[in-house]
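Nothing in this text is a laboratory measurement; each read-out follows from the coordinates by a stated rule. Everything numeric in this text was worked out from a predicted model, so none of it was measured. Here the Cβ is made from the backbone with ideal geometry for all residues, glycine too, and neighbour counts use every protein chain on show.
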Amino acid sequence: MRLLCLRLVAMLCALPLALGVSACAKTVSTSGLKGEAKGAAETIKNLQSDVTAGDQKKVCDNDLAHAVVAGLSSFRGGCEAAVKEQLAEIDSVELTVESVRLGGTTAARTATARVKSVYSGKKKVTTMSLVKERGKWKVSSFTSP
């Protein structure tokens, strides 16, 4: 169980790096997206805003899926302390949502977003997975190439 929690923290720690650190943040654009795809992109936009503001409470309460928060809650200080430690190293985040693909069933909606970021002057594409929990999209995982 401890190893699983360490993996979740590592995943959370990778998020700011995968999303990229930049001198000034721009708002994630959701133009061109409609319906649930736009809703999923709005979650990424909110995550960017909360990370840029250094608001670990909002990241844990509003942006991350329940399973991620539960895993981080086993650490001393819980999810907020784990996020706070990582946010201390971030100046701001610049993201571009390239696409959102919806999946799952009506009862268990999922989305996969391709998100472009700039880290150390280089463009990178990250894949973010989202799940719909109680009618709201939440980030459940992310990977970078």
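Extension gain for the segment ARG101 to SER141, taken as residue separation times 0.36 nm less the Cα-Cα distance, is 12.9 nm to one decimal. Ordering ASP50, ASP55, ASP61 by the number of other Cβ atoms within 10 Å of each residue's own Cβ, fewest first, gives ASP61, ASP55, ASP50. Which pairs, out of LYS45/LYS132; LYS116/LYS136; LYS38/LYS136; LYS58/LYS122; LYS38/LYS132; LYS34/LYS122, put more than 21 Å between their alpha-carbon atoms? Violating the 21 Å limit, Cα to Cα: LYS116/LYS136; LYS58/LYS122; LYS34/LYS122.
Backbone geometry of the stretch 123-139 corresponds, through the Karplus equation with coefficients 6.51, -1.76 and 1.60 at θ = phi - 60°, to 3J(HN,Hα) couplings of 7, 9, 10, 10, 9, 10, 9, 10, 10, 9, 10, 6, x, 10, 6, 9, 6 Hz, x marking Gly and Pro. Fewest neighbouring Cβ atoms within 10 Å first, the residues LYS57, LYS84, LYS132 line up as LYS57, LYS84, LYS132. Placing dummy labels 7 Å off each Cα toward the beta-carbon, the span from GLU36 to GLU85 is 3.6 nm. Each 5 Å bin from zero up to the one holding the largest Cα-Cα distance in the stretch 103-145 carries the following percent of pairs: 6, 22, 25, 18, 13, 9, 5, 2, 0.
Residues whose amide H comes within less than 5 Å of that of ARG109, counting only those at least five positions distant or on another chain, are LYS132 (H built at 1.01 Å from N in the peptide plane).
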